[in-house]
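One structure below.
The values are calculated or read from the model by the stated rules, or taken from the named source; none is laboratory data. Quantities reported herein were computed from a predicted structural model and do not represent experimental measurements. All Cβ positions, even for glycine, are placed from backbone atoms using ideal geometry, and neighbour counts span all protein chains on display. SASA here: full protein model, heavy atoms, side chains in, ligands and nucleic acids out. Shrake-Rupley method; radii C 1.70, N 1.55, O 1.52, S 1.80 Å.
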Amino acid sequence: MIRRTWASGRTFGLAVLLAVGSTAPVAAQLEDAQERQRMYYEIKPGVVYIWASARAFINVAGPVAATVDGIHLPDETLLLDLEAVMASTGSGWIITPDGYAVTNGHVVQLFQDQNEQQLMGELLFQALDESGFFALQEAERGGILTNDEKIRLMQRLLPFAEMQVDKDLAVYTQNWQRYPAEVKEYSPAIFPFEGKASIPGQDIQSGKDVAILKIEGRDLPTLPLGDSDAMRIGENVHLAGYPAVTRATWYGQLNPQTEIEASFTSGTVNSVKMDVKGSNVIQYDAATSAGSSGGPLFNDRGEVIGMATMGAEPGFFFAVPTSVVNEFIRSAGVTPTRGMFDRDWSNALDLHYAGDFEDAIPAFDQTLRVMPNLRDALELRREAMAGRGGVAQPGASGGSGGTPILIGIAVLSGLVLLGWGFAMRRRAADGAVIEAVPVDPPTPIAANDGGSGRLVVQAGPLQGNRFPLPESGLKIGRDPSTCQIVISEGTVSREHAIVVPNGSSEITIRNLSGTNPTYVNDRAVQETTVRIGDRIKIGNSVLHYEQE
């Protein structure tokens, strides 16, 4: 029940006075919110999404006659053609402009694990389960198989299995760029025991849950490392990452256009504890769920002081401190550094939040030349062009031009909240950490929606990106303010070409440049029809047209 209390005229007047008198605290809160917003924007580009997978094509053929747990396998040659995919996802962050990155060991374990026999067993088990093999055996037996019984059946078939396993490890940045990755340093997940242990079907080893990755890039965004030993109980911390429940393919109501958008939560340091091996771990309460593993935990200065690693019950989470992460960074022979993008991005944000929009626009352009299609840069640039800032909009000179607005907000709050006296009901629901379900890797898309096919970048700086083609078409060029596909190359004009659907399975491309050519199937064109599979070349970039 919502309890409703009606205020008297005296209470009404008091509400207005309280509202006006509380302008300073409200202004302080808005200023704090603006500082946090700016910090999150500065952090976001350096936070990356990690994808690891193993795909197996399995053929089981051989005389496997045997009785296992009361189940008699056939005397004749057993023939099974199976396929299985295992995947894991997580978060991480970049520490050098040339592409060294940090994540959890357990996030990349599927790709890194050198025990191929164990991996083959896991893939065969999954394939047998998904193909209905175990269900068939249960039907013949007339009873349910335990997990251990299924494992023993799998182990009986494993010697007769021929298996091709394809592994993949990739890092995705905030502008939808996909980078193949290799593991430079690795330590397994933290388990509740020291050393190695065996459980049915696999051997496991407890580690420090750190992995150092390398991708091939330059001028990449990075995050600075802080001193985890300086953290104290009660200090604020913030977590960035990719919780599985915020992925569009996992949670169907979300738009795929925001798939590669890091999420942020905040909380405090609750304690500093040690794992079973004696290594420090930071206990914190910022909301964390499956998919957040490997995400950076940072302080109010934007310095990373830990990495999300494991959780207990909801509200109790742990992070590997940077003092431990630094051990692996040194082992990889890496020195964390900042780069050109970091300086340009920080400068653009400073100008934007100071209200200097005229200078902020070219500053955002510079960041987009280094990191094309960065969603936040495009959005903030649009705000700057519209002459509006973020929270607590300052005056044109960066002063207190927003004070009258704050007073108005405060007075209105007093009228609504105190004058009428509505008591709002709060609802609390028990939270639960949701385990990640293996899903397909992110499919790079542009910020435009469309249903007339798409352009897929096969070569060039945007390789791997896919741009849906809306009815209004797509403009290609260097200028991020007018082009949806931004190619930052000297041989590409500011507005180089435009591609529009023509109402059939074909599209039309028109060259907009007077100096730089546009090629279709290696032929320079001014305007022509592009069919499915045709190759468009602009600068060093190659794009193919395909239907959805």
Within the range 328-357, how many residues are more than 30 Å from residue 383 (Cβ to Cβ), touching a residue at least 12 places away in the same chain (Cβ under 8 Å) and out of contact with any Asp or Glu (no Cβ under 7 Å at 6 or more places or on another chain)?
5
Given (1) open to solvent by less than 60 Å² (accessible area, probe 1.4 Å); (2) in contact with a strand residue (DSSP E or B) (Cβ under 8 Å, 6 or more places away or on another chain); (3) part of a loop (DSSP other than H, G, I, E, B), number of the condition residue 488 does not satisfy:
(2)
Just to be sure before I move on: is residue 463 outside any strand (DSSP E or B), modelled with pLDDT of 70 or more and not charged (D, E, K, R) in the structure I sent?
yes
Taking only the range 466-476 into account, find how many residues are surrounded by fewer than 22 Cβ atoms within 10 Å (Cβ to Cβ), at pLDDT 80 or above and more than 17 Å from residue 531 (Cα to Cα).
1
Could you grab me the full set of residues in the range 501-548 that are touching a residue at least 40 places away in the same chain (Cβ under 8 Å) and of a type in the set (S, T, N, Q)?
505, 540, 541, 547
Evaluate the range 202-219: report whether one residue or more is among the polar types (S, T, N, Q), modelled with pLDDT under 65 and open to solvent by less than 40 Å² (accessible area, probe 1.4 Å).
no
Looking only at the range 242-262, decide whether some residue is at negative phi and either at pLDDT 95 or above or part of a strand (DSSP E or B) (or both).
no
I need the full set of residues from the range 491-508 which are at pLDDT below 85 and outside any loop (DSSP other than H, G, I, E, B), in order please.
501
Being over 14 Å from residue 467 (Cα atoms), open to solvent by 60 Å² or more (accessible area, probe 1.4 Å), β-branched (Val, Ile, Thr) and over 31 Å from the mean Cα position of the chain (by Cα) is true for just one of 515, 529, 508. Which residue is that?
515
Here the residues within the range 372-381 that are open to solvent by 10 Å² or more (accessible area, probe 1.4 Å) and touching a residue at least 60 places away in the same chain (Cβ under 8 Å) are 372, 373, 375, 376, 378, 381
